Amino acid sequence: MLAIVKGPYLQWPTQSTMTIMWETSEPATSRVEVFRAERIHSGHQGNYKEPQQLLTSASSDNEMAVHQLTVSNLEPGTAYFYKVYSSSKHGQTTSEMYPFKTAGGKLESFSFTVTSETGGYSWFDTTEGEINRRVFRQMQRYRPDFVLFVGDIVDDGARYEDWDRYFFRPGKELLATTPCYSCLGNHENNGSWYYDFFAFHPPKNYYSFNYGDAHFVCLDSTAFIPPDTYPHSPCSIGPGNAQYDFLVRDLQHASSAKWKIVFFHYPPYVSGGYQVEELRALCPVFEKYGVDVVFNSHTIVYERSQPLHAGRVDYDQGIVYIVAGGAGAMPEWLLPKREWHTAQSVAVPHFIQVVVAADRMEFRMLDDEGRLFDMYHIHKDADGKKIHL
Ligand SMILES: [Fe+2]
């Protein structure tokens, strides 16, 4: 019997397109139908009625197990509903109907959440992933426009079962309605499933995208610091390295974006032994091209740095480095002592909600029950001068 075994889930939102992926139990054809979302102006059962009007569709007769279709000609910042279908010689299968929203224009505010380590430590205690599921549920309550995962979303990325167990099954409801981006952590093990299950732009282990007036860059820190040489490798971060050259070129081209956000797994700044200081070789590039915030993971705690520039605390020009080891974090985790760059450090299961609106970026740090435990704002005036609050 043909069945959908992962998803459907959303990828790579733009102002006019959405990419939809799912996996079936065997190779099958692919079809996605998109419906116009019609608002209800009365009643209390939600804001949209069951959609009736088919707007557009995409399909492929090539039989695949991992399906990827992009629907286009959509309106910016607009809600739609979608449903996927597959068929093979063993039958047909259909998903439920789910909503999605296209990206808004440059002037529109948006919100995203950040977490990581869904394949991490919390699975190996007695809760068997309950923290993981709570973090996914809480993120959904905040209805983010998309989610950033900062690596280690599985325990072993080369093991097929892990992707369902740690990521797609606990994240099913969120990922069906909310596009996600992810980077390679050491636990992804550079497994081929990462490349199969995500629709990031090639080479997929590093890429960039725009959303609203923000530019996001995903890097693969495990390519800079191969896991078998971690934590101290002869580091190849510099001109001539393909990923380094990509970063420089990419940030040069993104100079008009108001906000610049970079995310990768190993933290250049975090208190304790999981800090990878070799990665500070990237910081002069971030500083030169006006990066505002860097998200990392790997250490399964929450930690926010002071604004840092040229290796010093600098409230005028500094970049904030945030470690969001969220879904793997445990309250019992023994924190090392604070370092000179540490602004806040808490061992707690968590995610970060970010709201980007005009001249301000707001960060709310929330635990797995939705309780606020840290908050941060960056204001930026027309000249690019920042105020950290
Ligand atoms: Fe890690």
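The values are calculated or read from the model by the stated rules, or taken from the named source; none is laboratory data. Since we're looking at a predicted model, the values are computed, not measured. Note that we place each Cβ from the backbone using ideal geometry, even for glycine, and neighbour counts take in every protein chain shown.
Whether any residue in segment 82-100 is modelled with pLDDT of 95 or more, out of contact with any Pro (no Cβ under 9 Å at 6 or more places or on another chain) and within 16 Å of the ligand (Cβ to nearest atom) is what I want to check.
Scanning segment 82-100 turns up no residue that is modelled with pLDDT of 95 or more, out of contact with any Pro (no Cβ under 9 Å at 6 or more places or on another chain) and within 16 Å of the ligand (Cβ to nearest atom).
What strands (runs of 3 or more DSSP E) completely inside segment 277-373 contain at least 2 residues that are under 17 Å from the mean Cα position of the chain (by Cα)?
Of the strands (runs of 3 or more DSSP E) lying wholly inside segment 277-373, those with at least 2 residues that are under 17 Å from the mean Cα position of the chain (by Cα) span 293-296, 320-324, 350-357, 360-367.
Of the residues D228, D196, which is of a type in the set (D, E) and at pLDDT 95 or above?
Criteria check complete, one pass: D196.
Regarding S116, is this residue among the polar types (S, T, N, Q) and either over 20 Å from V354 (Cα atoms) or free of Cβ contacts under 8 Å to residues at least 40 places away in the same chain (or both)?
Details: among the polar types (S, T, N, Q): yes; either over 20 Å from V354 (Cα atoms) or free of Cβ contacts under 8 Å to residues at least 40 places away in the same chain (or both): no.
The answer is no for S116.
Inspect all residues belonging to segment 128-150 and state whether any of them is within 16 Å of the ligand (Cβ to nearest atom), under 30 Å from G104 (Cβ atoms), free of Cβ contacts under 8 Å to residues at least 40 places away in the same chain and under 13 Å from the mean Cα position of the chain (by Cα).
yes
Among the residues of segment 296-316, is any small (G, A, S) and either within 25 Å of R133 (Cα to Cα) or surrounded by 24 or more Cβ atoms within 10 Å (Cβ to Cβ) (or both)?
Of all residues in segment 296-316, those small (G, A, S) come to 297, 305, 310-311.
Adding the requirement that they be either within 25 Å of R133 (Cα to Cα) or surrounded by 24 or more Cβ atoms within 10 Å (Cβ to Cβ) (or both) leaves 297, 305.
Yes, there is a match, as at least one residue in segment 296-316 is small (G, A, S) and either within 25 Å of R133 (Cα to Cα) or surrounded by 24 or more Cβ atoms within 10 Å (Cβ to Cβ) (or both).
Scan segment 272-284 for residues that are more than 16 Å from the ligand (Cβ to nearest atom) and buried (at least 19 other Cβ atoms within 10 Å of the Cβ) and jot them down.
Hits for segment 272-284 are L282, C283.
Out of all the residues in segment 368-383, is one or more surrounded by 19 or more Cβ atoms within 10 Å (Cβ to Cβ), over 20 Å from L308 (Cα atoms) and touching a Gly at 6+ places or on another chain (Cβ under 9 Å)?
Within segment 368-383, one or more residues are surrounded by 19 or more Cβ atoms within 10 Å (Cβ to Cβ), over 20 Å from L308 (Cα atoms) and touching a Gly at 6+ places or on another chain (Cβ under 9 Å).
Do the conditions hold for V355, that is, is it surrounded by fewer than 22 Cβ atoms within 10 Å (Cβ to Cβ) and closer than 21 Å to Q140 by Cα?
yes
Scan segment 146-161 residue by residue and report those that are surrounded by fewer than 22 Cβ atoms within 10 Å (Cβ to Cβ) and either of a type in the set (D, E) or in a loop (DSSP other than H, G, I, E, B) (or both).
The answer is D155, D156, A158, R159, E161.
Could you say whether any residue in segment 233-244 is at pLDDT below 95, closer than 17 Å to N186 by Cα and within 16 Å of the ligand (Cβ to nearest atom)?
So far as segment 233-244 goes, yes, one or more of its residues are at pLDDT below 95, closer than 17 Å to N186 by Cα and within 16 Å of the ligand (Cβ to nearest atom).
For every residue, the table says whether it meets (1) within 20 Å of Y269 (Cα to Cα); (2) under 19 Å from the mean Cα position of the chain (by Cα); (3) within 14 Å of the ligand (Cβ to nearest atom).
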position	(1), (2), (3)
R169	no, yes, no
N189	no, yes, yes
H215	no, yes, no
I225	yes, no, yes
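Being closer than 24 Å to S109 by Cα and in the same structural domain as D245 (by TED's automatic domain parsing), is that true of even one residue in segment 326-349?
No, that holds for no residue.
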